[in-house]
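Reading through the structure tokens given below for one structure.
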Amino acid sequence: MEKYLNTPIKELITKFPEVGNILQDYNIGCVPCALGSCLLKDIVAIHNLPEEQELELMYGIEKAIYPQKNVKKPVLKNAAKKETPQEIKYSPPIKRLVDEHALIKKWIGMMPAVIENIDLESDSSRQLILDGLDFIRFYADKFHHAKEEEILFEYTDKNLDIIKTMLADHETARGHVRAVLEAMEKRDKNAIIEHLVAYKELLCEHIKKEDEILYPWIDRGLSVTQVGELFTKFNEAEEKLDKEVIEKCKKFAQELEQRIQELKLETPRHIGMAGVSLPVKKEEVK
Ligand SMILES: [Fe+2]
Ligand SMILES: [Fe+2]
């Protein structure tokens with residue numbers, strides 16, 4: 001079994017497809033992962049399942065690999081008591097990132113309402129989208145993703161699939177923002193909606209993976225000194241950014257609900273039906 005613990009997961013799943021099904025039963029999404037070079041032992045460590053579940057998972061995997069072998073079922077202490085999922089406790093610098101996610105989630109959570117009320121003929125509707133893109137570029141990207149990429153991920157092995165995937169997600173997100181900006185210039189409502197929806201879906205999954213898997217795993221590996229170091233580095237990084245812009249982003253998130261309400265009152269005069277593409281004025285197309 002030792003050699004399989006050090007085998008890249010894609011290789012293992014190709015050889016023993018049942019292993020992929022077992023991982024999926026534990027919500028470990030290795031099957032759809034395009035990379036698959038994580039080692040089985042790293043996957044088990046990163047996901048930090050309760051002891052009982054980890055024993056059951058490894059028992060299932062060993063049985064799938066060695067169907068002929070009489071694999072001994074692990075003796076579970078307190079087997080009757082199912083461990084209830086515990087609230088994740090983060091160190092202060094990581095908690096700061098989780099709190100930043102909360103603000104990002106506030107905006108992406110309201111994207112459907114913004115999309116529903118898009119009216120490219122309305123200055124306030126266009127401004128709301130542009131302000132939302134500024135929030136993503138300055139707060140979600142320069143303020144938040146930059147701390148992950150330039151500081152936090154330095155405390156990990158950047159060759160791990162989970163880190164590569166997170167970095168690739170950041171790039172894909174930047175691509176969606178560029179695409180929405182271009183679509184705004186062209187007044188291409190369908191493209192605006194398409195890329196906002198794609199951004200929302202990507203970030204929802206991305207934040208979930210970070211909050212529930214990646215951050216707790218990184219946190220578990222940090223010494224007290226490293227936690228202090230991280231805290232200082234985050235402060236230093238934030239010092240370099242324009243505080244007014246960050247405050248403006250926070251204000252955007254706080255006022256978003258109100259602005260959507262105002263748009264709803266304004267919307268019927270312009271579009272009447274949500275989701276209907278508007279004719280593009282010729283002189284406005286670049
Ligand atoms: Fe991230
Ligand atoms: Fe993040």
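Rule-based calculations on the coordinates, nothing more; no lab input. Remember, predicted model here, so these are calculated numbers, not experimental data. So basically every Cβ, Gly included, is an ideal-geometry build from the backbone, and we count neighbours across all protein chains shown.
Structure above, values below:
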item	result
Relative contact order of the chain, pairs being alpha-carbon contacts under 8 Å that are 6 or more residues apart, as %	24
Segment 221-237 - phi-based ³J(HN,Hα) in whole Hz, Karplus 6.51/-1.76/1.60, Gly and Pro as x	x, 8, 7, 4, 4, 5, 4, x, 4, 4, 4, 5, 5, 4, 4, 4, 5
Under Karplus coefficients 6.51, -1.76 and 1.60, residue-wise ³J(HN,Hα) of segment 125-133 in Hz, glycine/proline x	5, 5, 5, 4, 5, 4, 5, x, 5
Out-of-range pairs (alpha-carbon distance over 21 Å; input LYS41/LYS164; LYS106/LYS240; LYS200/LYS233)	LYS106/LYS240; LYS200/LYS233
Ranked by how many other beta carbons lie within 10 Å on average, peptides 132-138, 13-19 from highest	132-138, 13-19
Karplus 3J(HN,Hα) series, Hz, for segment 169-182 with 6.51 cos²θ - 1.76 cosθ + 1.60 (x for Gly, Pro)	4, 4, 5, 4, 4, 4, x, 5, 5, 4, 5, 5, 4, 4
Mean projected area (nm²) of the alpha-carbon convex hull when segment 2-65 is viewed from all directions	3.7
Residues with amide H under 5 Å from that of ILE151, placed H, sequence gap 5 or more	none
Lys/Arg +1, Asp/Glu -1 at C-beta; segment 2-65 dipole; positive extreme among LEU40, ASN27, GLY60	LEU40
Inter-label distance, nm, simple model (7 Å from Cα along the C-beta direction), VAL224/LYS248	4.3
About the Cα centre, charge dipole magnitude for the chain (Lys/Arg +1, Asp/Glu -1 at Cβ), debye	600
Length added when fully stretched, GLU238-TYR26, from 0.36 nm per residue minus Cα-Cα	72.6 nm
Gained length - GLU201 relative to ASN48, 0.36 nm times residue gap less alpha-carbon distance	52.6 nm
